[in-house]
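Report on the following structure.
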Amino acid sequence: MFPEMVVTGYSVEDLALRDGFVSASTKATHHLAGRLAAEGLAHLPVVVGFLGRRKGPGPRFGQPSGAPQNSLAVLHEGRIRLVSAKHHLPNYGVFDEFRYFVPGDTLPLLRLHGADIAFAICEDLWQDGGPVAAAADAGAGMLITLNGSPYERHKDDVRLDLCRRRARELGAAIGYVNMTGGQDDLVFEGDSLIVDADGELVARAAQFDEELLVTDVELPRAEDTSWRADEAGGFRVVRYTVSDRAPAPYEARPPSLTPRRDPLNDLGEVYSALVAGVRDHVRKNGFTSVLVGVSGGADSALTATIAADAVGADAVHALVMPGRGSDPEALDDAEDLIKRQGLTRRLYPVDRLLDALESTITVAGAGGGEDLLEQARGVLLKALSREEGHLVLATGDKSELAMGLCAHHGDGAGAYAPLRDCWKTLVRELARWRNSQSPTTDGAPPMPERALVRESARGWDAVDSAPERPGYEVLDGLLDAYIGTDHGASDLTAAGFAPDLVRHVVRLVDRAEHQRRQYPPGPKITKRTLGRDRRLPITNRWLL
């Protein structure tokens, strides 16, 4: 069993609407069946997710052109033996499957060693009815789902509880096969699992590591199906038999319940997700090195450390860019960070660039000067990226991005943003967690402690009569309540936040949508990110 859309990767977005891409996916799946047979694996039934196309009636009004489907295929003896498609198409959060696919209406049933195994795809398991109910009506002894379920904090326990509940409802074992790796702003952590018909955990794979999980499952012998109709729960049942006879008794392998070297805690999971997102974005887009502007603050320190863990310290080019007014302590901390981790140090003073900009542009007030300094640094990052082929990592966090304090030419300069979905408080928690893990070669933590507590007041006074800046615990709590729940100003005030603070923060957030549209993608780790999860018009007059 392999994950959802494993042949193409997930999500393919508008590639699903290209006829040539759909045809190539189908051709690749046929080729895979032949390759398995050619390499001596013809006897082994293999199930893969791929992009297919509905057969039958032509295009229908309101459906994607070409009728693409999020499909699965059973490969056996060198051929595709069964094809079925996802029925429930999610259309919330980062998912937009109504745009790309048409739903399936069949239930695939595979007879293997005398047991009947049904298959479904991702959202089909989460929704009542549909293929899950059909599998029960068809008398399946096991239901296996192919999944491309993105990582979110605390989601692994939700998945396990779902599988346990469905198993008890069906009276059948559940296999949950999930993708691993990064794709643009999505990260998949694996954590595949199997529960028996009573909902008891039988086996569980690791998080954030590719692996082949092998286990034994005891299933009931299938009944004679000659009397059964080829319909169950409103779905047409498509069947394929590999073997009717149960295997001879043999010694079962011990189950793999916790193969993880050290079970990850909450911060360990988040950090691993960020590393996986950076590693795969760099690798899958053909880069071998990254460029990070290090300033001596927590955001750039954590970004550089994540990058070092993802691609290796020698492949991280840490750019130190001192300019007029730079904090000497911050520069010292930036240099210390580079030395501790063995990053590739690049020193580029920006005063001459700043002089050139100021001689050309009339700067109104000190704020304009700070803005030009950030632009000068952004110019350097982009120029070195073009000249030397590094992927630039933006260093801004979710708190700054939410309030428009993360200008695209400063902290937002880059092609990928590891901290895009991390509140400032989480950034500091992650940094301290990473410092508590494996130290550097000389026994020191990878990030200087002073860098993790440095405050930045940049941009807070962007609106006249700004209230006194609260601590990040309060500020992030307010931002999370506003962005994560869509509560209005009156609800936020009723929840205990100061009215002046609510008005100021909401105004900063709402007027910064255009900046967020220019910001690079980054790994999603929360239920609601700033981007595909939250889509607001740039041009609007609605306030509070």
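The values are calculated or read from the model by the stated rules, or taken from the named source; none is laboratory data. Everything numeric here is computed off the predicted structure, so don't read it as measured data. Note that each Cβ is placed from the backbone with ideal geometry, even for glycine, and that neighbours are counted across all protein chains shown.
Things to note:
- Of the strands (runs of 3 or more DSSP E) that lie entirely inside segment 153-235, those containing 3 or more residues that are assigned by TED's automatic domain parsing to the domain that holds T106 and closer than 22 Å to V270 by Cα span 173-178, 180-183, 186-189.
- Failed item, numbered, when S465 is tested on (1) small (G, A, S); (2) outside the structural domain of I338 (by TED's automatic domain parsing); (3) at pLDDT 90 or above; (4) more than 20 Å from T526 (Cα to Cα): (3)
- R434, sole failed condition from (1) part of a helix (DSSP H, G or I); (2) in contact with a Pro (Cβ under 8 Å, 6 or more places away or on another chain); (3) over 30 Å from G286 (Cβ atoms): (3)
- Residue list for segment 298-325, restricted to those being assigned to a strand (DSSP E or B) and of a type outside the set (V, I, T): H317, A318, L319
- Breaking point among (1) under 23 Å from D332 (Cβ atoms); (2) out of contact with any Pro (no Cβ under 7 Å at 6 or more places or on another chain); (3) not basic (K, R), for T303: (2)
- Per this entry, F50 is not counted among residues that are surrounded by 14 or more Cβ atoms within 10 Å (Cβ to Cβ), more than 18 Å from A120 (Cα to Cα) and in contact with a helix residue (DSSP H, G or I) (Cβ under 6 Å, 6 or more places away or on another chain).
- Selected residue (criterion: nearest to Y100 (Cα to Cα)) from residues of segment 1-29 that are in contact with a Leu (Cβ under 7 Å, 6 or more places away or on another chain) and part of a helix (DSSP H, G or I): A16
- Looking across L41, L51, L32, one residue alone is modelled with pLDDT of 95 or more and either assigned to a strand (DSSP E or B) or within 23 Å of the chain's Cα centre (by Cα) (or both). It is L51.
- Taking residues in segment 120-148 that are farther than 18 Å from L193 by Cα and not assigned by TED's automatic domain parsing to the domain that holds V158, and partners anywhere that are modelled with pLDDT of 95 or more and outside any helix (DSSP H, G or I), not one pair has Cβ atoms closer than 6 Å while being at least 6 places apart or on different chains.
To keep it simple, each residue is scored yes or no on (1) crowded, with 19+ Cβ neighbours inside 10 Å; (2) under 16 Å from T440 (Cα atoms); (3) at pLDDT 95 or above.
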residue	(1), (2), (3)
G296	yes, no, no
T303	yes, no, yes
I306	yes, yes, yes
G312	no, yes, yes
H317	yes, no, yes
M321	yes, no, no
D332	no, no, no
G342	no, yes, no
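- Of the helices (runs of 4 or more DSSP H) lying entirely inside segment 484-528, those containing at least 1 residues that are among the charged types (D, E, K, R), over 20 Å from the mean Cα position of the chain (by Cα) and more than 30 Å from L393 (Cα to Cα) are 489-494, 499-510.
- Filtered residues of segment 223-243 (kept if modelled with pLDDT of 90 or more and not β-branched (V, I, T)): F235, R236, R239, Y240, S243
- Subset tally (residues that are farther than 24 Å from D533 by Cα and surrounded by fewer than 18 Cβ atoms within 10 Å (Cβ to Cβ)) for segment 494-515: 5
Yes/no per residue for (1) outside any strand (DSSP E or B); (2) surrounded by fewer than 24 Cβ atoms within 10 Å (Cβ to Cβ); (3) hydroxyl-bearing (S, T, Y):
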| position | (1), (2), (3) |
| --- | --- |
| S71 | no, no, yes |
| P90 | yes, yes, no |
| D124 | yes, no, no |
| D128 | yes, yes, no |
| A134 | yes, no, no |
| A140 | yes, no, no |
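- Here P90 fits the description: closer than 14 Å to M5 by Cβ and modelled with pLDDT under 95.
- Every residue from segment 318-364 that is among the charged types (D, E, K, R) and within 36 Å of the chain's Cα centre (by Cα): D327, E329, D332, D333, E335, D336, K339, R340, R345, R346
- Some residue of segment 348-355 being closer than 30 Å to V187 by Cα, of a type outside the set (F, W, Y), out of contact with any Lys or Arg (no Cβ under 9 Å at 6 or more places or on another chain) and touching a residue at least 24 places away in the same chain (Cβ under 8 Å): no
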